[in-house]
Amino acid sequence: MLEVLMIEDDLELATILSEYLKAHNINVTNYDEPYTGMSAINTRHFDLLLLDLTLPNLDGLEVCKRVAKEKRIPIIISSARHDIDDRVLGLEYGADDYIPKPYDPKELIARIHSVLRRYNLSKESNQEEASILPFVLDKGSREIYLNNEALNLTKAEYEILSFMLENVNQALTRDSIAAHSDSINPDSSNKSIDVIIGRLRNKIEKGSKKFIFSVRGIGYKLQLKDD
């Protein structure tokens, strides 16, 4: 199911759109306050941002500008403001599409899929983001998501986990892991890696779910499915 972040202060409209989109396999999380909505982007993975312009505390055009500068996420502006200057500025600030209100929700769904097709083609060409479910590796922002939640990782933890995600289900030696981390001292690499792997396990493994396995005589393996 697609995950859409909506920033819309018209709660009645937000509810109607959310229910309609959910029936078409698009889950919507709405915030009626722009700063709260922008904060959510830093803690969860969303496939697309649906953004109103007339918002409390911060204009939607400024939200668009900030989000496009800091995150790689497709943006559709959904607004009752029909002024051509707003449309031009929105697109110049980084929006991928602009749909004027009122509109038929069917058109919104078509535009969402159209924008995501273009975005995914672009993403495949630069390979900055990869989905290794349930993980998402975003090299552009140097973030890793697990089940749509951003992981709070140190530089070394990010380097090691991203290397393991790029080599899923492969046994990796401690030397190869150390070679892909600028944060590890070569003189104590084995001990440092064991400590960092322990921290990663605490952050990504909950309950009985295990991802990182020790491989006797070699090192470690990130396993996402049973062999």
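The values are calculated or read from the model by the stated rules, or taken from the named source; none is laboratory data. Small disclaimer: the values here were computed from a predicted structure and weren't measured. Positions of Cβ are generated from backbone atoms using ideal geometry, with glycine treated the same way; all protein chains shown enter the neighbour counts. Side chains are part of the model used for accessible areas, which takes the heavy atoms of the whole protein and leaves out ligands, DNA and RNA. Shrake-Rupley method; radii C 1.70, N 1.55, O 1.52, S 1.80 Å.
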- [ ] Alpha carbons only, please: Rg and Dmax for the chain, in angstrom.
- [x] 20.5, 66
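So what is the accessible area of the chain per residue, in Å², with the probe set to 1.4 Å? Walk me through the numbers before you get to the answer.
Values: 11870 Å² over 227 residues.
Result: 52 Å² per residue.
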Task: Efficiency of FRET from Cβ geometry, Ser114 and Met1, R₀ 22 Å, rounded to 0.05 - done: 0.75
- [ ] Please give the length that would be gained between Asp175 and Leu58 if that part of the chain were fully extended, namely 0.36 nm times their separation in residues minus their C-alpha to C-alpha distance (nm, one decimal).
- [x] 37.2 nm
- [ ] Would you look at the GNM of the chain, springs on alpha carbons closer than 10 Å, and say which of Ala14, Ala171, Ala23 moves the most?
- [x] Ala23
Task: Computed [θ] at 222 nm, deg cm²/dmol, the chain (DSSP H ≥ 4; -39,500 (n - 2.57); rounded to nearest 500) - done: -13000 deg cm²/dmol
Task: GNM flexibility winner over the chain from Ile193, Ile144, Ile77 (Cα, springs under 10 Å) - done: Ile193
Open item on the list: Under the 0.36 nm per residue contour assumption, what length would be gained going from the current alpha-carbon distance of Glu205 and Asn148 to full extension?
Closed with: 19.0 nm
- [ ] Would you mind checking Lys22/Lys101; Lys22/Lys139; Lys22/Lys209; Lys69/Lys209; Lys71/Lys210 for any pair whose Cα atoms are more than 26 angstrom apart?
- [x] Lys22/Lys139; Lys22/Lys209; Lys69/Lys209; Lys71/Lys210
Open item on the list: Using only the Cα atoms of the stretch 17-101, what semi-axes does the equivalent ellipsoid have when each is the square root of 5 times a gyration tensor eigenvalue? Give whole Å, largest first.
Closed with: 19, 16, 12
- [ ] Once you've got the GNM for the chain with C-alpha springs shorter than 10 Å, pick whichever of Val28, Val67, Val195 has the biggest mean-square fluctuation.
- [x] Val195
- [ ] Would you compute the Debye intensity of the stretch 50-99 from its alpha-carbon atoms alone, equal scatterers and no solvent, and pass along log10 I(q)/I(0) at q = 0.30 Å⁻¹ to two decimals?
- [x] -1.25
Task: Under the Karplus curve 6.51 cos²θ - 1.76 cosθ + 1.60, θ = phi - 60°, whole-Hz ³J(HN,Hα) for the stretch 90-102, x wherever Gly or Pro sits - done: x, 5, 5, 6, x, 5, 8, 7, 9, 10, x, 7, x
TODO: Report the FRET efficiency, 1/(1 + (r/R0)^6), for Leu11 and Tyr103, where r is their Cβ-Cβ distance and R0 is 22 Å, rounded to 0.05.
DONE: 0.75
- [ ] Quantify, in whole percent, the carbon and sulfur part of the accessible surface of the chain (1.4 Å probe; protein heavy atoms only).
- [x] 48 percent
